[in-house]
Amino acid sequence: MLILIRRPAQSIRVGEAIEVTIMEVRGNQVRLGINAPGGVPVYRKEIWLRRRAENHAAPGSPPEAVPATPGQCPGTIQHGGAAS
């Protein structure tokens with residue numbers, strides 16, 4: 001695991017296409033801004049884990065399947081917007 005120190009308005013890059021910016025730090029919470037291509041789903045981890053578990057339970061779903069359709073589940077990040 002890579003551990004970095006960043007301050008508000010500073011960013012990190014993940015590959016060529018994804019940028020994570022620290023928007024705000026308030027107490028023990030950090031607000032992040034994530035720029036990613038429209039075809040790259042961005043989920044909070046707890047939502048991703050829930051969706052993965054639901055897919056494991058679905059008949060005929062391969063074990064690694066996680067739907068890549070943002071916006072169908074609360075906590076999914078819409079590109080250019082906030083969590084739903």
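The values are calculated or read from the model by the stated rules, or taken from the named source; none is laboratory data. Everything numeric here is computed off the predicted structure, so don't read it as measured data. We place every Cβ from the backbone using ideal geometry, glycine too, and count neighbours over all the protein chains shown.
Remarks
- Only residues that are touching an Asp or Glu at 6+ places or on another chain (Cβ under 8 Å) and closer than 19 Å to Val42 by Cα were counted in region 1-29, giving 3.
- Of the strands (runs of 3 or more DSSP E) lying entirely inside region 1-45, those carrying at least 2 residues that are polar (S, T, N, Q) are 29-35.
- Near pairs, Cβ below 8 angstrom, 6+ apart or cross-chain, from region 43-63 (under 28 Å from Leu32 (Cβ atoms)) to any residue that is in a helix (DSSP H, G or I) and at pLDDT 85 or above: Tyr43/Arg51
- From Val25, Val20, Val30, residue being modelled with pLDDT of 95 or more and over 15 Å from the mean Cα position of the chain (by Cα): Val25
- Any pair with Cβ under 8 angstrom, 6 or more apart, that starts in region 4-17 at a residue that is without any contact (Cβ under 8 Å) to a residue 12 or more places away in the chain and ends at one that is loosely packed, with under 11 Cβ neighbours inside 10 Å: Ile12/Leu4
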